[in-house]
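Only one structure is covered here, and it is reproduced in the block below.
Each reported figure results from applying straightforward, stated rules to the coordinates on display, with no laboratory input. None of these values were measured; they are calculated from a predicted model. All Cβ positions, even for glycine, are placed from backbone atoms using ideal geometry, and neighbour counts span all protein chains on display.
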Amino acid sequence: MDKVYLDNAATTPLAEEVIDAMVGTMKMNFGNPSSTHSFGQEAKILIENVRRQVADYLHVSPAEIIFTSCGTESNNMIIKSSVEHLGVERIISSPLEHKCVSESILDMKSRKGVEVNYIRPNEKGDIDLAKLEELLKASDKKTLVSLMHANNEIGNIINLKQVAQLCKEHHALFHSDTVQTMAHMNLDFSDIPVDFASCSAHKFHGPKGAGFAFIRKATGLKGIITGGPQERSLRAGTENVCGIVGLGKALELSLNHMEDYTHHMQDIKDYAIERLSAEIEGIKFNGRSAEKENSLYTVLSALLPYKNPLIGLQLDMKGIAISQGSACSSGASKPSMVMMMVLSEDEMDHCTPLRISFSHMTTKAEIDTLVNALKEISSDYTIEKTNVEHR
């Protein structure tokens, strides 16, 4: 049975060039980058080359790029250190954030007494910037605003520059979880005054266990993992050299092919919308995921017109990998907060959400396989439902 992978928002397959670069590093550059001898310095040079590469992409100083294990670590460090070391007393966020952000915020509320204000999104999943401005004006407390660039479940994109400028005008710090957009979009942080951002390499065909935090130097943020001078003393511990090299190679490939990759994935997404709309009666699309404006081309959130909590398992048995929401919440017994925000109570009770996410490797034939499988499942469900109604 040929397998179909449509869960790229959770993780992407490693590019062959990334594997080769990492294997070469493991074989030839095994030195500790903190060591002063040649073995260590050769490894250190590899790290610094990638740091400059990332900095060039974002148009920032290399000193503002701190390598971490993933976006979750980056987001935790930024939020918790902002409270611990920068005197943040209030955080403004939304219920749509990834759990690593929302849980970090709740931790700071519980342990440090930080005031938390949430901006409730509308039914399309949009954040009201007028409400953000109202909240920014409402208090003189030192404030951190934390809003993700693109939502990992419905793909909605915020205007990063507009939010950053609004925060700057009101002397608030701005953190954005950019895990879903880093290496998928052109980002210029010399023009966008965001203070903090995050990245996970495995979202763009790099390795798991490698990521980075962008930390604007002027903020004075300090590290929360202590023990050594690594990463400008912001993240102690021996660096994951082969993982960082893999991140760099994956970023290089993404930037070199961004136009082609973007065009391909948008074409695949349009095709998926067309086929699903034609073949699955009553299907809907959540948030702005079916729109081209303000929507990430890698994510499509669909809503099937019947309740079937086992659909992920049924599709998996047919060789199709897909999710019903964030991978970090996949074991939860209740719908994600994102779905609770954008769906009505009736939809929550009687419909089934699916997250379909693409890469440049996704083909139209794979979309056809998904649609045919969903037609079969939907048909079985309709027959079962009809039999029940006629008893």
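Under 5 Å between amide H atoms, partner at least 5 residues away or on a different chain: which partners does Ile119 have, H built in plane at 1.01 Å?
Ser93, Ser94
Residues in the stretch 235-276, backbone N under 19 Å from the label point at Ser34 (7 Å along the Cα-to-beta-carbon vector): list them, ranges by number please.
Counting only backbone N, you get 235-245.
What is the sum of charges, Lys and Arg at +1 and Asp and Glu at -1, for the other residues whose Cβ falls under 12 Å from the Cβ of Ile158?
Cβ neighbours under 12 Å give a net charge of -2.
If you keep only loop residues by DSSP, which trypsin sites (Lys or Arg not before Pro) in the stretch 1-54 have at most 12 other Cβ atoms within 10 Å of their Cβ?
Details: sites: Lys3, Lys27, Lys44, Arg51, Arg52; in loops: Lys3.
Sites meeting the loop and neighbour criteria: Lys3.
Of the cross-linked pairs Lys222/Lys292; Lys27/Lys80; Lys284/Lys318; Lys80/Lys137; Lys131/Lys217, which ones have a Cα-Cα span greater than 27 Å in the structure shown?
Pairs exceeding 27 Å: Lys222/Lys292; Lys27/Lys80; Lys131/Lys217.
Provide the net charge surrounding Gly206, with neighbours chosen by a C-beta distance below 14 Å and charges set as Lys +1, Arg +1, Asp -1, Glu -1.
The answer is -1.
Only sites in a loop by DSSP and with at most 11 other Cβ atoms within 10 Å count here; which GluC sites (Glu not before Pro) in the stretch 80-167 make the cut?
Within the stretch 80-167, the qualifying GluC sites (Glu not before Pro) (loop, at most 11 other Cβ atoms within 10 Å) are Glu123.
Contact order normalised by length for the stretch 138-208, with contacts defined as Cα pairs under 8 Å and 6 or more residues apart; what percent is it? Walk me through the numbers before you get to the answer.
On the way: 89 pairs, mean separation 22.5, N = 71.
About 32 percent, as a whole number.
Would you mind computing, in nm to one decimal, how far apart the modelled labels at Lys208 and Lys109 are, each placed 7 Å from Cα along Cα→Cβ?
That separation, rounded to one decimal, is 3.0 nm.
Comparing Leu310, Leu46, Leu343, which has the greatest mean-square fluctuation in the GNM of the chain with Cα pairs linked when under 10 Å apart?
So, out of Leu310, Leu46, Leu343, the one fluctuating most is Leu310.
Grab the Cα-Cα distance for Glu134 and Lys27, subtract it from 0.36 nm times how many residues apart they are, and report the gain in nm with one decimal. Don't skip to the answer; put the middle values down first.
Details: separation 107, 0.36 × 107 = 38.52 nm, distance 5.55 nm.
Fully extending the segment from Glu134 to Lys27 adds 33.0 nm.
What list of ³J(HN,Hα) values in whole Hz, one per residue of the stretch 162-179 in order, does the Karplus curve 6.51 cos²θ - 1.76 cosθ + 1.60 (θ = phi - 60°) give from phi, with Gly and Pro shown as x?
5, 5, 4, 5, 4, 5, 4, 4, 10, 6, 9, 7, 10, 10, 10, 6, 9, 4
Give me a comma-separated list of calculated 3J(HN,Hα) values for the stretch 145-153, in order, Karplus coefficients 6.51, -1.76, 1.60 applied at θ = phi - 60°, integers in Hz, x for any Gly or Pro.
So the Karplus estimates, Gly and Pro as x, are 9, 10, 9, 6, 5, 9, 6, 6, 10 Hz.
Would you mind computing, in nm to one decimal, how far apart the modelled labels at Asn49 and Tyr118 are, each placed 7 Å from Cα along Cα→Cβ?
4.7 nm
Around Ile192, under 15 Å between beta carbons, what's the net of Lys plus Arg minus Asp minus Glu among the other residues?
Value of the local net charge: -3.
³J(HN,Hα) across the stretch 91-97 via Karplus (A = 6.51, B = -1.76, C = 1.60, θ = phi - 60°), whole Hz, x for Gly/Pro?
My calculation for the stretch 91-97 gives 10, 10, 8, 9, x, 8, 5 Hz in order.
Can you give me the long-range amide H partners of Asp7? Hydrogens built in the peptide plane at 1.01 Å from N, cutoff under 5 Å, separation of 5 or more residues or another chain.
Ser357
Would you mind telling me the antiparallel percentage of the DSSP bridges in the chain, rounded to 5?
55 percent
For an R0 of 41 angstrom, estimate the FRET efficiency from the Cβ-Cβ distance between Lys364 and Asp20 and round to the nearest 0.05.
According to the calculation, E is roughly 0.90.
How much length is gained if the chain between Leu86 and Glu293 is pulled fully straight, taking 0.36 nm per residue apart and subtracting their Cα-Cα distance, in nm to one decimal?
Working it through step by step, the gained length comes to 70.9 nm.
Restricting attention to the stretch 203-297, which GluC sites (Glu not before Pro) occupy a DSSP loop and are surrounded by at most 10 other Cβ atoms within 10 Å?
Glu281, Glu293
Run the numbers on the chain and let me know its relative contact order in percent, using alpha-carbon pairs under 8 Å that are six or more apart.
Taking the mean separation of contacting Cα pairs over the length of the chain, I get 23 percent.
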